[in-house]
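Here's the structure we're looking at; comments come further down.
Taken together, the values in this text are just the output of simple stated rules run on the coordinates, not laboratory data. A quick note: this is a predicted structure, and the numbers were derived from the prediction, not measured. Quick reminder, even Gly has a Cβ in these numbers, built from the backbone with ideal geometry, and neighbours come from all protein chains shown.
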Amino acid sequence: MTTVVVQGGTDGMGRAAVLARLGRGDTVVAIGSAPEKGRRLAEEAAALGAGDRLRFIRADLSSIAENERVVAEVRERCPAVDALVLCANRQHPRRTVTADGLEATFALYYLSRYLLGHGLRAAFDAAPAPVVVNIAGAGLTAGAVRFDDLNLERGYGPIRAQLQAGRANDLLGRSMADAPSSRAHVLLYHPGFTRTAGGLAALPRPVRAVIAAAGRVAARSPQEAAAPVVAAVDDPPARSLTAVDRGRPVDLSLSTFDPAKARRLAEATRDLVLARYGPTPLLPEPLAPGAG
Ligand SMILES: NC(=O)c1ccc[n+]([C@@H]2O[C@H](COP(=O)([O-])OP(=O)(O)OC[C@H]3O[C@@H](n4cnc5c(N)ncnc54)[C@H](OP(=O)(O)O)[C@@H]3O)[C@@H](O)[C@H]2O)c1
C-alpha cells in the first residue's frame, strides 16, 4: 500500500496529484487551510470510490505548531510515508506576520516544507523508496535569500518574498541531500505557468484579471503540470537530489544549489525555529561541523 502526503493538496497541482494518486489506489493525506476545500475534495474522492482512502487535515501550515500537529497526526495514522508532495503557497501583497513572528511567505512557502520534510523522517525511513517532491521554482536565478533579513523586515515586496522562498527551497533540496535526515530522495520541480486559481486570490483585481487571461492562453492545466509529480511516486529519482524545470533537468552546479549557502540556511532555519518557537521534534539533528 502506497501512502502519499500532499501539503497544499486541496487546490491547484496538489489537488490534481491527490486525485490522481487516489485513482491509482493510494492512501492520501491532503492538507489545506480552508475547510470547504477539504469538504469538496472529500466529495470528489467519494465520487471516485476512494472516500475511505483520503484523509483531509485542516491546518494553517504557516504556524510551526500546526506543522507539529500535522506530523503527529500523520505519524499516528500512517506507519510509513512513501511520498511527500509540497505545494502550499500563498501570495501576500503586504508584509504579513505569523503567530511565530515570521514573514508569512517564508513561513509557509519555505519553513513548512523544511519542517514536514524533516519532521516525517521516521515515516520515510519505514517506506521502501521514499521521495519528497518540492514544487516551487527549481533553478531560479532571480531573487536571493537575504541571510541578514530572512524575515524581510526591510524593503518587503510580494515578488521578493516569493523569490526568496523559492531560492530557499532550492537550498533546502541541496541540504536534504547533503546532510539527509532520512532516506528520502528529493525532486525539486518547477512546473512552469499553470492554470491555478488559489495563488491569485490575494492579488489586486486588475493583476488577477491579466494573469488569468494570460493563463487561459499560455498556461498548462494543473493535471498536466502535476503529471511528473504523480509519476515520481511510482518511480522516485535514483539520485538523492534531482531538479527538473518543465521536463528538462536543471544543472545542480548552479549557484542556487550552492552547498555552503544550503548549510548556512539549514543552520539559520534551525536557530530561527529555536528562537521563535523552541525545541520541536520536527527539527533534524544539528549539522556536524564540516558536514553538509
Ligand atoms: N501556478 C503556477 O503557475 C506556478 C508556477 C511555478 C511554481 N508554482 C508553485 O507550485 C506550487 C503549487 O502551486 P499551485 O498554483 O498549484 O497552488 P494553489 O492552486 O495556489 O494551491 C495552494 C494550496 O496551498 C494551500 N494553502 C495555502 N495556504 C495555506 C496555509 N496557510 N496552510 C495550509 N495550506 C495552505 C491551499 O489550500 P487552502 O486555500 O485551503 O489553504 C491550496 O491547497 C506552489 O509552490 C507554487 O509556488 C506554481
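Structural remarks
- Extension gain from Glu153 to Ala99, taking 0.36 nm per residue of separation minus the Cα-Cα distance: 17.9 nm
- Rg/Rh (Cα only; Kirkwood hydrodynamic radius) as it applies to the chain: 0.93
- A Gaussian network model of the chain, with springs between Cα atoms under 10 Å, assigns the largest mean-square fluctuation among Val97, Val18, Val71 to Val97.
- Residue with peak Gaussian network fluctuation, the chain [Cα springs, cutoff 10 Å], from Arg263, Arg40, Arg160: Arg40
- Taking amide H as placed 1.01 Å from N in the peptide plane, the amide H of Ala138 sits under 5 Å from that of Tyr189, His190, each at least 5 places away or on another chain.
- Sorted by Cβ density within 10 Å, fewest first, the residues Ser182, Ser175: Ser182, Ser175
- Footprinting exposure proxy ranking of Ile135, Ile57, Ile159, fewest other C-beta atoms within 10 angstrom first, gives Ile159, Ile57, Ile135.
- The stretch between Arg183 and Asp258 holds 24.9 nm of extra length on full extension. This uses 0.36 nm per residue minus the Cα-Cα distance.
- For the chain, hydrophobic long helices are taken as DSSP H runs at least 15 Å long by C-alpha position along their axis with mean Kyte-Doolittle hydropathy of 0.0 or more; these are 12-23, 205-218, 222-234.
- Here Arg205 and Ala142 are evaluated by their C-beta separation; at R0 = 25 Å the FRET efficiency comes out at 0.45.
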